[in-house]
1. Per residue and in cubic angstrom, what volume does the convex hull of the Cα atoms of the chain have?
2. With labels modelled as points extended 7 Å from the Cα through the Cβ direction, what inter-label distance (nm, one decimal) is found for Lys162 paired with Glu45?
3. Mind scanning Lys24/Lys144; Lys14/Lys108; Lys43/Lys107; Lys63/Lys108; Lys43/Lys145 and naming the pairs with a C-alpha gap bigger than 30 Å?
4. Run the dipole for segment 112-180 about the Cα centre, Lys and Arg Cβ at +1, Asp and Glu Cβ at -1, nothing else charged, and hand back the magnitude in debye, nearest 20.
5. When only C-alpha pairs under 8 Å and at least 6 residues apart count, what is the relative contact order of the chain, in percent?
6. For a test of the definition: using alpha carbon positions, the gyration tensor, and the 1.5 limit on a/c, classify segment 64-140 as rounded, prolate or oblate.
7. When only C-alpha pairs under 8 Å and at least 6 residues apart count, what is the relative contact order of segment 82-191, in percent?
8. Answer with one residue from Gly172, Val149, Ile187: the one whose Cα lies farthest towards the positive end of the charge dipole of segment 149-191, charges on Cβ with Lys, Arg +1 and Asp, Glu -1.
Amino acid sequence: MLNIIICGAPGSGKGTQSEFIVEKYELKHLSTGDLLRNEIKGKTELGVIAEGYISQGQLVPDKMIIDIIIKNIDEQPETCKGFILDGFPRTVGQAEALEEILNARNKKSTVLLDLNVPEEELISRLLKRGESSGRSDDNLETIKKRLDVYYSQTAPVAEYYKTLNKYAFVEGVGTIEEIFDRISSAIEANK
Ligand code: AMP
């Protein structure tokens, strides 16, 4: 079983690359951002609470997101070949919870792929995406907050996986195919 974590700042290409990984390795894609946006679209109670955080560029509380992940992991059939976790874990607390959740189910995380993209490039990609995404958080003010949150709360998750020896640096600039080649090599080297 492969349980791959794709980590990187907003705009680093996690979603795009996850789709390629899903296709090649037949994994279940769990994007916590997409799951939350579905709740918002469905106007659920959870969605209403999440929207308040997301539109401000803040992370939703750990407990809320951990419960969502547990539910999604547990509802997969036995035939599931593994997960690509996109946008989770985003805090060290979430990372510790994930490791416990997997251990308790006799599963293991494989590797954390750390997609690296310079900040100017991230901002220009996100502003461009904002022209068509309709996302309440793809505007300059919120983008800057999301980047601050990423550097202060999510970057330490990469350090945590370094201590577990499950870390791969991936250069996130280049064509989509070039980046995916680097990702495939990192997965092969760690599986
Ligand atoms: P994303 O689509 O991954 O960029 O996520 C969009 C927003 O959803 C983030 O800025 C957070 O507000 C929220 N979110 C997504 N994943 C998480 C997570 N693992 N922990 C907390 N908040 C999250």
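We did not get these values from a lab; they are worked out from the coordinates using the rules stated. Bear in mind the structure is a predicted one, so any value in this text is a computation, not a measurement. Virtual Cβ from ideal backbone geometry, glycine too; neighbours counted across all protein chains shown.
1. Enclosed volume per residue, from the Cα hull, is 115 Å³.
2. Label at Lys162, label at Glu45, 4.2 nm between them.
3. Details: Lys24/Lys144 33 Å; Lys14/Lys108 21 Å; Lys43/Lys107 33 Å; Lys63/Lys108 21 Å; Lys43/Lys145 25 Å.
Flagged as over cut-off: Lys24/Lys144; Lys43/Lys107.
4. Here segment 112-180 has a charge dipole of around 260 debye.
5. Computed value for the chain: 34 percent relative contact order.
6. Judged from the Cα gyration tensor, segment 64-140 comes out prolate (a/c at least 1.5, a/b above b/c).
7. 38
8. Going by the Cα projections, it comes out as Val149.
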